[in-house]
Structure formats: structure tokens, C-alpha cells
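First the structure, in the form of C-alpha cells, and then the observations on it.
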Amino acid sequence: MKRSKLRIKTAVGNIETLVNDPGSERRGLVFIAHPHPLHGGTLDNKVVQTLAQTCHDEGYVAVRPNFRGVGGSDGEYDGGLGETDDMLAVIAFVRAQYAAPLPLILAGFSFGAYVQHRVAQHLAHAKLILIGPAVNMYDFDAVPAHTHVIHGEHDELVPLAAAQAWAQTSGAQLSVIHDTGHFFHGKLAELKAAALAACHS
């Protein structure tokens, strides 16, 4: 596995980004957004790491930036607006490194799901995977038909009922991971399986 740490230029400075590249026979690019920066969210979050490893093992280039103000990234928290701009800049930079166009998957966890649903409005993509999307905390807009929501049955931050109602209204496909909360403690294997199913559906 080729693992690179980059500092990608954006409007606020540099955004620290980790890239896990399988190196050959790449199936696509997956960009993964981490949970809330003001509540400990980083690219090292275990859900984000699980997604990156899962996607890499399937032949995808897995890209996970630290949002502005987190880790080695410049700038300050911007409520999802600036973070959207930063993710778009990261995507543009990484895509330019590959001669052949690769299918694009957007994935985000919690606050990161909010950011990625905004990113999805600005560019063509194959899949949008929202894990524990904070639909009760942020105003989510309409999402494409190829959107998949993965949610914990006993999510203590975003009640399952809220996610179910939003997914139904939005036309998104919902997968429920039973007997777990917002952070999928003890259920990362089930989360991995659901993410793989979402990628391949």
C-alpha cells in the first residue's frame, strides 16, 4: 500500500491529507470526511479509518483530509461552508494526479456527511455514502438517488427515527447497524460490510 501525507493548497492555506493508494488496477477514488472538528473529529477517527482501509482493500484510492483547523490543516472551523470548499479543492488536486478519469465516491461520517452532501451538489459522482448523518443538527438539502445512509440502531446523537424520516423523504437507501450507537462501537465489521454493499450496489 502506498501511503502519502500531503498538504494541499486551498483558500485558507494548506489542508493535511492522507492518501492510501493501491498503486495498480485502481477502481476509483473515495474521499472521506471526518466528524465534527470541535468535538474531536479527525482523519484518524476509527470510522473514517475503517472506511479508508475497506475502500483501499477493494482497489480504491482512499483520501481523507483533516478539515481546516484540525491537525496540520490551516484555518478555523467554518460550520461546513469552508469545509466544503476545502474538500472540493482536495478532490480537484487529487483527481489531477491521475491521467485517466476514475469513478468518484463521496463518503462522510456525522458532520462529515453534512459536508459531503454539500460537495455532492458541485460535481458528478458515482456514489454518496452518508454514515450517521447529523440530519437533526444541520439543514440537509436534496441528495441524488444513488445516496446510501448507514446508521446505528441506538444512535445517541442522531436518533434513528430522524435518519429514517430523512432517508425516506430524500429517497436515500438506508442500512441499519443493529445494537450500536453513533460511533459503531464493537460493530466496525458490520459497518465495513454495509459500506462495501453501498459501494457495489
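The values are calculated or read from the model by the stated rules, or taken from the named source; none is laboratory data. Just so we're clear, the structure is a prediction, and the values are computed from it rather than from any experiment. Counting neighbours? That spans all protein chains shown, and the Cβs are built from the backbone with ideal geometry, glycine included. Remember, those area values only see protein heavy atoms, side chains included, never the ligands or the DNA or RNA. Shrake-Rupley method; radii C 1.70, N 1.55, O 1.52, S 1.80 Å.
List of remarks:
- Taking first residues from the range 18-33 that are closer than 14 Å to ILE105 by Cβ and charged (D, E, K, R) and partners that are open to solvent by 10 Å² or more (accessible area, probe 1.4 Å) and outside any loop (DSSP other than H, G, I, E, B), the Cβ contacts under 6 Å between residues at least 6 apart in sequence or on separate chains come to ARG27/TYR60.
- Sole exception among (1) touching a helix residue (DSSP H, G or I) at 6+ places or on another chain (Cβ under 7 Å); (2) surrounded by fewer than 16 Cβ atoms within 10 Å (Cβ to Cβ); (3) in a helix (DSSP H, G or I) for ALA197, by number: (1)
- Residues that are at positive phi and open to solvent by less than 10 Å² (accessible area, probe 1.4 Å), drawn from the range 54-95: GLY80
- Candidates SER24, SER4: the one that is surrounded by fewer than 16 Cβ atoms within 10 Å (Cβ to Cβ), more than 14 Å from the chain's Cα centre (by Cα) and part of a loop (DSSP other than H, G, I, E, B) is SER24.
- Matching option when the condition is touching a Phe, Trp or Tyr at 6+ places or on another chain (Cβ under 9 Å) and in a loop (DSSP other than H, G, I, E, B), among LEU106, LEU102: LEU102
- The sole residue among LEU51, LEU130 that is within 15 Å of ALA172 (Cβ to Cβ), open to solvent by less than 30 Å² (accessible area, probe 1.4 Å) and in contact (Cβ under 8 Å) with a residue 40 or more places away in the chain is LEU130.
- Restricted to the range 11-21, and to residues there that are farther than 19 Å from ALA99 by Cα and modelled with pLDDT of 95 or more, the residue that is farthest from the chain's Cα centre (by Cα) is GLY13.
- One residue from VAL135, VAL149, VAL115, VAL176 being open to solvent by 10 Å² or more (accessible area, probe 1.4 Å) and within 25 Å of LEU81 (Cα to Cα): VAL135
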